[in-house]
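The values are calculated or read from the model by the stated rules, or taken from the named source; none is laboratory data. In this text the structure is predicted, and so the values were computed from the model without any measurement. Reconstructed Cβ throughout: ideal geometry from the backbone, glycine too, with neighbour counts over all protein chains shown.
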Amino acid sequence: MKIYTKTGDNLETSAVKRRVYKSDVVIHAVGSADELAAALMVSYHFIEDEKIKEIILGIVKEIINVSADIIGYGDGNLIKEDRITYFESLIDEYTNKMPKLTQFIVPGLNKGSSHLHLARAVSRRLERWVVEYAQDKEINKNILVYLNRLSDLLFTLARYLDQ
């Protein structure tokens, strides 16, 4: 299989079920998901905590399902509610290991947390694109909740790494 197809040379690209302009909101969303996966993998290589690295790797693998759900690949329901519950349990677990948050923080006091904060910012951008897309298209209702919890989780993990 060739990497180049030449089908995207003239303003459009494929979004599984249809052709769209490369500037279409769905392409922005899927592109942001791709950026998020890349940012998470950069952070992975600067983090020493093995459990957090395992969490990050799991999220990167799930981002593929987020993209698939956004573009309606398959049944469009790959992100399940149990992933949201899992994120909430991790947020609670790591929050309980830190002092109470009483003020704004300086994001990224070391390389690992800096990259994780950058990934969090990318996840927020992805969330904004998905919100815009969902205004006109029906999507898996779990995606927006998943993305909201994901940014909360990334914030919590980055804060934990800054201790």
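Results, tabulated for the structure shown:
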| read-out | value |
| --- | --- |
| Filtered residues of the range 7-38 (kept if farther than 19 Å from Y73 by Cα, modelled with pLDDT of 95 or more and of a type in the set (G, A, S)) | A38 |
| Leading residue by the ranking (surrounded by the fewest Cβ atoms within 10 Å (Cβ to Cβ)) among those in the range 90-101 that are outside any helix (DSSP H, G or I) and touching a Phe, Trp or Tyr at 6+ places or on another chain (Cβ under 7 Å) | K97 |
| Meets criteria (within 19 Å of I79 (Cα to Cα), of a type in the set (G, A, S) and part of a helix (DSSP H, G or I)) for S113 | no |
| Residue within the range 74-89 that is assigned to a helix (DSSP H, G or I), at pLDDT 95 or above and farther than 13 Å from Y146 by Cβ present | yes |
| Which numbered condition L150 misses (of (1) surrounded by fewer than 20 Cβ atoms within 10 Å (Cβ to Cβ); (2) out of contact with any Leu (no Cβ under 8 Å at 6 or more places or on another chain)) | (1) |
| Of all residues making up the range 90-120, the number that are of a type outside the set (A, V, I, L, M, F, W, C) and within 12 Å of D152 (Cβ to Cβ) | 4 |
| Residue that is farthest from the chain's Cα centre (by Cα) [pool: residues in the range 17-26 that are of a type in the set (V, I, T) and surrounded by fewer than 20 Cβ atoms within 10 Å (Cβ to Cβ)] | V20 |
| Cβ pairs under 9 Å, 6+ apart, first in the range 30-42 and more than 20 Å from I55 (Cβ to Cβ), second at pLDDT below 95 and surrounded by 15 or more Cβ atoms within 10 Å (Cβ to Cβ) | V30/A15; V30/V66; V30/S67; V30/I70; V30/I71 |
| Only one of E35, E62, E50 that is among the acidic types (D, E) and surrounded by fewer than 14 Cβ atoms within 10 Å (Cβ to Cβ) | E50 |
| Matching residues in the range 63-105 - criterion: being of a type in the set (G, A, S) and within 30 Å of I27 (Cβ to Cβ) | S67, A68, G72, G74, G76 |
| Test: S32 is among the small types (G, A, S) and touching a helix residue (DSSP H, G or I) at 6+ places or on another chain (Cβ under 9 Å) | yes |
| Residue satisfying all of: in the range 112-141; more than 12 Å from A39 (Cβ to Cβ) and β-branched (V, I, T); modelled with the lowest pLDDT among these | I139 |
| Considering residues of the range 107-129 that are touching a residue at least 12 places away in the same chain (Cβ under 8 Å) and of a type in the set (A, V, I, L, M) only, the residue surrounded by the fewest Cβ atoms within 10 Å (Cβ to Cβ) | L109 |
| Some residue of the range 36-43 being in contact with a Gly (Cβ under 7 Å, 6 or more places away or on another chain) and either closer than 30 Å to L109 by Cβ or part of a helix (DSSP H, G or I) (or both) | yes |
